[in-house]
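One structure is given here, and the rest of the page talks about it.
The values are calculated or read from the model by the stated rules, or taken from the named source; none is laboratory data. Note that the structure is predicted; figures quoted are calculated from it, not measured. Virtual Cβ from ideal backbone geometry, glycine too; neighbours counted across all protein chains shown. The protein model used for the area step is the full one, side chains on, heavy atoms only, and it has no ligands, DNA or RNA in it. Shrake-Rupley method; radii C 1.70, N 1.55, O 1.52, S 1.80 Å.
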Amino acid sequence: MPFREANLKAGMPTVAEARRRLASELVLARRMGMTALKIIHGYGSGGEGGALRIALRQTLAERQRERRIKGFITGETWGLFDPASRSLLEACPELSGDPDLDRHNPGMTLILL
């Protein structure tokens, strides 16, 4: 299984707790030899983006700059016509069956480990 899915919004965590969960999930996915990690962070009940979504994507951008992850793809851009998405699908073909592919779902993010 080259990818794993983690629901980071379960239980309505604080931003700090969601960041801790993300760190743990990244470690676990690497230990399991995963190529990718799909995180569910939600979009926010106010319809403006939600604190978890914003904070976790900021954390992922930092991890990418630190070269601790190869990259990430937002749910909004996760689709067959996006070059980064196609690269991820080549690295992890099992993601071609992902129900969020081409759905432009802002409540999730895919991480290339």
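Things to note:
- Exactly one residue out of Ala55, Ala36 is under 17 Å from Asp100 (Cα atoms) and either touching a residue at least 40 places away in the same chain (Cβ under 8 Å) or exposed (fewer than 15 other Cβ atoms within 10 Å of the Cβ) (or both), and it is Ala36.
- Of all residues in segment 35-94, those that are touching a Pro at 6+ places or on another chain (Cβ under 8 Å) and polar (S, T, N, Q) total 2.
- Looking across Ala61, Ala84, one residue alone is open to solvent by 10 Å² or more (accessible area, probe 1.4 Å), of a type outside the set (Val, Ile, Thr) and touching a strand residue (DSSP E or B) at 6+ places or on another chain (Cβ under 6 Å). It is Ala84.
- Count - residues of segment 58-108 that are among the small types (Gly, Ala, Ser) and not in a helix (DSSP H, G or I): 4
- Of note, Pro13 satisfies the criterion of being open to solvent by less than 30 Å² (accessible area, probe 1.4 Å), out of contact with any Ser or Thr (no Cβ under 9 Å at 6 or more places or on another chain) and not hydroxyl-bearing (Ser, Thr, Tyr).
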